[in-house]
Amino acid sequence: MATRTAPFLPAPGPEAPQPPTGAYAELVREVRERGLLRRRPGPYAAQAVVLVTALAAVVTTMLLRPDAWWLVALAPAMAVITTQTSFLGHDIGHRQVARSAVRSRALGLLAGNLLSGLSYSWWVGKHNAHHAHPNDLARDPDVAVGALVWDADQARSRRGAAAWWTRHQAALFVPLLTLEAVNLHVSSVRALLRPGARWRLAELTLLATHLLGYALLLVTTLTWGQALVFLALHKGLQGLYLGASFAPGHKGMPVLVADQARDPLLRQVLTSRDVRGGWWTDAVLGGLNYQIEHHLFPSMPRANLRHAQPVVRDFCARNHIPYAECSAYASYSAGLRHLRRVGSAST
């Protein structure tokens, strides 16, 4: 079976080909021998300098030219900066930047709590659960029942207004993404206020510094009307950007049968989708366009993912494992079609 380049793979049944025993270990060995798991701090340092410089330039401009309506035009730039900073925090959380847990935590608190306004510990716990059980309806928090549902059985259990919402969830998906950035801020605060939150004092202090500093910047440099427009544009576009970057990787991909879910290679490859493109796609999507490679090797530095892709693709072809890859447009279309199909099961 050749590698698949369709937008999504059909749900594989028990009769689907199984990789040979030890296939994942063999792939890891091949990738390691090519040096693709080695740390590459240089690109991350350069990215951090660019992001901090860009953020400083936006803030300085707002401080020097207060109460001007044209400052609202900086909101899209701020959305790009804060989303790219979140990508950096994502990579730090996977220990792509630093091997040490202590160093990763310190960098993560700076990139996550201080610069992005997100709880580093909450996000890492949630995201690690997703990586361990991708598209598992019971254990992957990214496909848990919420504003959207991802499986027909979930949809059939909805009643009343929830059923109506689910039937129309494909049309509501993009508008809902405009609220995602605010949702992440709220979820971060709620997580840190619950008992048992780790590093609560440090996280709350840095998170409060971010949120209060952002509010102070808006109210001291803009009128109330301008501030509200800036806030809506910034957070709305940031949410859209985040959703457009994360959604293509798994939405519309299959839920696995038990035997396949137990295999570490199938569990990651069959539930993930790569997005084709060149260096521009890599930069815009923060390396998340290599979702298969990222899930197989979460600690692999972002700059190495494009080098790992042909290795993984060829390995899958040799072992008759379907490999999903498509354009960005096709990935979004597949995800929306999946939401529509699931929604139609709602009564």
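The values are calculated or read from the model by the stated rules, or taken from the named source; none is laboratory data. Predicted model only: the values in this text are computed from it and were never measured. Heads up, the Cβs are rebuilt from the backbone with ideal geometry, glycines too, and the neighbour counts pull from every protein chain shown.
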Among the residues listed as Leu63, Leu74, Leu88, the single one being more than 24 Å from Ala191 (Cα to Cα), crowded, with 18+ Cβ neighbours inside 10 Å and either without any contact (Cβ under 8 Å) to a residue 40 or more places away in the chain or aliphatic (A, V, I, L, M) (or both): Leu74
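Given the options Leu237, Leu218, Leu270, Leu265, name the one that is under 30 Å from Leu71 (Cβ atoms) and either among the β-branched types (Val, Ile, Thr) or surrounded by 21 or more Cβ atoms within 10 Å (Cβ to Cβ) (or both).
On the way: Leu218 fails: either among the β-branched types (Val, Ile, Thr) or surrounded by 21 or more Cβ atoms within 10 Å (Cβ to Cβ) (or both); Leu270 fails: under 30 Å from Leu71 (Cβ atoms); Leu265 fails: under 30 Å from Leu71 (Cβ atoms).
Just a single option satisfies the conditions, and that option is Leu237.
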Number of positions in the stretch 210-251 that are farther than 30 Å from Ala170 by Cβ, over 25 Å from the mean Cα position of the chain (by Cα) and touching a residue at least 24 places away in the same chain (Cβ under 8 Å): 6
Tally, over the stretch 320-335, of residues that are surrounded by fewer than 18 Cβ atoms within 10 Å (Cβ to Cβ) and touching a residue at least 24 places away in the same chain (Cβ under 8 Å): 4
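I'd like the full set of residues that are of a type in the set (Gly, Ala, Ser), closer than 28 Å to Ala328 by Cβ and assigned to a loop (DSSP other than H, G, I, E, B), limited to the stretch 197-254. Lay out the reasoning, then the answer.
Of the residues in the stretch 197-254, the ones of a type in the set (Gly, Ala, Ser) are 197, 202, 208, 213, 215, 225, 227, 232, 236, 239, 243-245, 247, 249, 252.
Those still in the list that are closer than 28 Å to Ala328 by Cβ too: 232, 236, 239, 243-245, 247, 249, 252.
Correct list: Gly252 only.
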Residue match in the stretch 281-290 (condition: under 27 Å from Arg29 (Cβ atoms), touching a residue at least 60 places away in the same chain (Cβ under 8 Å) and buried (at least 19 other Cβ atoms within 10 Å of the Cβ)): yes
Lone unmet requirement of (1) of a type outside the set (Gly, Ala, Ser); (2) surrounded by 21 or more Cβ atoms within 10 Å (Cβ to Cβ); (3) modelled with pLDDT of 95 or more for Met253: (3)
Some residue of the stretch 296-319 being crowded, with 23+ Cβ neighbours inside 10 Å and free of Cβ contacts under 8 Å to residues at least 24 places away in the same chain: yes
Given (1) over 24 Å from Arg341 (Cβ atoms); (2) at pLDDT below 95; (3) assigned to a loop (DSSP other than H, G, I, E, B), number of the condition Asp259 does not satisfy: (3)
Those residues of the stretch 289-347 which are within 16 Å of the chain's Cα centre (by Cα) and in a helix (DSSP H, G or I), in sequence order: Gln291, Ile292, Glu293, His294, His295, Leu296, Arg302, Leu305, Ala328, Ser331, Tyr332, Gly335
Pro254 vs. criteria in contact (Cβ under 8 Å) with a residue 60 or more places away in the chain, in contact with a Gly (Cβ under 8 Å, 6 or more places away or on another chain) and farther than 24 Å from Gly108 by Cα: no
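Taking the condition free of Cβ contacts under 8 Å to residues at least 40 places away in the same chain and either surrounded by 20 or more Cβ atoms within 10 Å (Cβ to Cβ) or over 30 Å from Arg341 (Cβ atoms) (or both), does Arg200 pass?
For Arg200, the condition - free of Cβ contacts under 8 Å to residues at least 40 places away in the same chain and either surrounded by 20 or more Cβ atoms within 10 Å (Cβ to Cβ) or over 30 Å from Arg341 (Cβ atoms) (or both) - is met.
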Inter-residue pairs, beta-carbon under 8 Å, first loosely packed, with under 13 Cβ neighbours inside 10 Å and in the stretch 37-57, second of a type in the set (A, V, I, L, M, F, W, C), 6+ apart: Pro41/Val97; Pro41/Ala98
Those residues of the stretch 114-164 which are among the charged types (D, E, K, R) and touching a His at 6+ places or on another chain (Cβ under 8 Å), in sequence order: Arg139, Asp140, Asp142
